[in-house]
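*Asks:* Dropping a structure here in structure tokens format, bear with me for questions.
Quick note: the coordinates plus some simple rules give every number you see, no bench work behind them. In this text the structure is predicted, and so the values were computed from the model without any measurement. Positions of Cβ are backbone-derived with ideal geometry, glycine not excepted, and every protein chain shown enters the neighbour counts.
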Amino acid sequence: MARTTFSVATFNMYNLQDADTPLYPTSKPWTPEEFKRKSEWAAWQLGIIGADIVGMQEVWSKSALDAILAVDPQGLADEYDVLATPAVGTSITCAALVRKGLLTGKPRWITDFPKAVRLESRDDPGDPQAPVIDVSIKSFSRPVLNFQVQLRDDEPPTEVFVVHLKSKLPTQISKEAWYKKSSATYRPHQQALGDGISTIRRTAEAVAVRVLLNGVMRDTETPVIVLGDINDGKESNTANILTSQPRYLVGDSQGGSDFGLYSAQTLQEYRDTRDVYYTHVHQDLRESLDHVLVSEQFYDHSRKRVWLFDGLLINNDHLNFENHRQTGTGDHGIVRVSFKHDPVK
């Protein structure tokens with residue numbers, strides 16, 4: 001296989017669940033009519049973007065995903081391998097569509113943090129005034145999907161990770177025993193406490209993903225792609241942990257990073273005269289929560305470049321309206337990134 005181009009996408013599926021089947025306790029199930037509109041819109045989007053690999057978040061049900069692929073006249077079911085084994089309708093997981101012929105080996109869903117994740121500090125010589133900290137989170141809120149694809153027969157497989165980190169929504173604490181015991185103390189600060197807990201959890205999850213990445217990237221030539229909704233922007237601490245903040249070069253400079261990840265958003269910004277990239281709207285605030293991150297094998301200025309960045313597009317017009325149930329649209333933008341085979345000379 002001498003593939004010369006390929007593309008990836010990240011697509012938050014907005015609670016993809018079968019019709020008349022429970023979602024969150026605070027969310028109404030999709031009616032059959034709503035699910036029909038939802039599946040038709042998602043199939044249309046998948047047909048438009050035409051990506052070879054699609055990382056997906058908020059997938060409850062594999063059968064619901066299969067229903068999208070069965071929508072005519074897209075013919076999507078014949079094009080993709082569906083990676084959604086844990087999606088049995090009872091909880092949310094990450095999933096993926098992989099163009100037939102690319103997948104190698106078996107996918108795995110990772111729930112537990114790697115053993116090397118330890119967020120504890122009792123004696124920081126860099127800041128002796130800092131108090132003791134010990135974060136006891138041991139698993140992901142949404143299992144991370146990891147699989148390999150063979151883009152070309154003459155090159156090593158590419159590791160792909162699909163992630164969905166903890167939401168920015170504040171953790172609900174009103175049912176906690178400690179809250180009930182002293183509710184008068186905590187009630188005025190519910191949002192701040194809930195925001196803090198969610199942020200700590202998301203940060204811990206970013207660290208755990210980074211540890212997984214280190215395991216396949218450090219001192220190797222392994223190409224890596226991360227697709228996902230990290231619920232944070234590209235300059236956030238969350239993103240910095242995931243990427244390890246490699247240097248972006250300009251002109252004819254060459255470099256690279258053995259274990260760094262490059263944001264496709266930044267790569268596109270270097271080519272655009274205006275940045276209007278956003279993938280989510282909350283209270284009129286436009287944010288970029290959905291990301292494609294790539295290793296140095298996909299970075300234009302890397303001495304180890306194999307694939308050249310060939311552009312990013314984002315479908316987000318549907319975010320101008322909040323009638324997602326009525327129209328079947330999602331609540332996130334869909335990000336597609338293209339590459340062409342062009343090893344550095």
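*Asks:* Measure off 7 Å from each Cα along the Cα-to-Cβ vector at Asp72 and Val344, then give the distance between these two points in nanometres to one decimal.
*Replies:* 5.1 nm
*Asks:* Then there's this: Relative contact order for the range 5-341: what percent, with Cα pairs under 8 Å and sequence separation of 6 or more?
*Replies:* It rounds to 18 percent for the range 5-341.
*Asks:* Something else now. Among 188-201, 142-155, what's the highest-first ranking by average C-beta atoms within 10 angstrom per residue?
*Replies:* 142-155, 188-201
*Asks:* Further question: Within the chain, which complete DSSP H helices have Cα atoms spanning at least 30 Å along the helix axis and a mean Kyte-Doolittle hydropathy of -1.0 or higher?
*Replies:* Passing helices, by number: 190-217.
*Asks:* Would you work out which of Trp41, Phe147, Gln297 lies farthest towards the positive end of the dipole of the range 5-341, given +1 charges on the beta-carbon of Lys and Arg and -1 on that of Asp and Glu, about the Cα centre?
*Replies:* Farthest towards the positive pole: Phe147.
*Asks:* Next question, about the same structure. Taking the chain as a Gaussian network, where each spring joins two C-alpha atoms under 10 Å apart, which residue of Tyr270, Tyr14, Tyr248 fluctuates the most?
*Replies:* Tyr270
*Asks:* Would you kindly state how much longer the chain becomes between His282 and Thr90 on full extension, computed as 0.36 nm times their sequence separation minus their alpha carbon distance, in nm to one decimal?
*Replies:* Using 0.36 nm per residue and subtracting the Cα-Cα distance, I get 66.4 nm.
*Asks:* Placing +1 on the Cβ of each Lys and Arg and -1 on the Cβ of each Asp and Glu in the chain, which of Pro107, His189, Leu227 has its Cα farthest towards the positive end of the resulting dipole?
*Replies:* Among Pro107, His189, Leu227, the one farthest towards the positive end of the dipole of the chain is His189.
*Asks:* For a paramagnetic label modelled at 7 Å from the Cα of Glu221 toward its Cβ, which residues of the range 230-270 fall within the zone defined by backbone nitrogen distances under 15 Å?
*Replies:* Label zone hits: 258.
*Asks:* Right, something else. Ranking Met217, Met56, Met1 by Cβ neighbours within 10 Å, fewest first, what do you get?
*Replies:* In increasing order of surrounding Cβ atoms, one gets Met1, Met217, Met56.
*Asks:* Can you list the HN-Hα couplings for the range 101-110, worked out from phi with the Karplus curve (6.51, -1.76, 1.60; θ = phi - 60°), rounded to whole Hz and with x for Gly and Pro?
*Replies:* x, 8, 5, 10, x, 10, x, 9, 10, 9
*Asks:* Which FRET efficiency value, to the nearest 0.05, do you get for Arg108 and Asn237 by plugging their Cβ-Cβ distance into 1/(1 + (r/R0)^6) with R0 = 25 Å?
*Replies:* 0.35
*Asks:* I need the phi-derived Karplus couplings for the range 325-341: 6.51 cos²θ - 1.76 cosθ + 1.60, θ = phi - 60°, integer Hz, Gly and Pro marked x.
*Replies:* 5, 6, 9, x, 6, x, 10, 10, x, 10, 9, 10, 10, 10, 9, 10, 6
*Asks:* For Gln245, what residues show an amide H to amide H distance below 5 Å, using hydrogens built from the backbone and excluding near sequence neighbours?
*Replies:* Under 5 Å from the amide H of Gln245 lie the amide H atoms of Leu261, each far enough along the sequence or on another chain.
*Asks:* Would you work out the relative contact order for the range 186-345, in percent, from Cα pairs under 8 angstrom that are 6 or more residues apart?
*Replies:* Worked out over the range 186-345, it gives 21 percent.
*Asks:* Across the range 248-258, in residue order, what do the Karplus-derived ³J(HN,Hα) couplings come to in whole Hz, using 6.51 cos²θ - 1.76 cosθ + 1.60 with θ = phi - 60° and x for Gly and Pro?
*Replies:* 8, 9, 9, x, 9, 5, 10, x, x, 8, 4
*Asks:* Could you sort 170-181, 218-229 so that the peptide with the highest average Cβ count within 10 Å comes first and the rest follow in order?
*Replies:* Peptide ranking by packing, descending: 218-229, 170-181.
*Asks:* Place a +1 charge on the Cβ of each Lys and Arg in the chain and a -1 charge on the Cβ of each Asp and Glu, then give the dipole magnitude about the Cα centre in debye, rounded to the nearest 20.
*Replies:* 720 debye
*Asks:* Follow-up. Set the Förster distance to 30 Å, then compute FRET efficiency between Leu308 and Asn214 from the Cβ-Cβ distance, nearest 0.05.
*Replies:* 0.70
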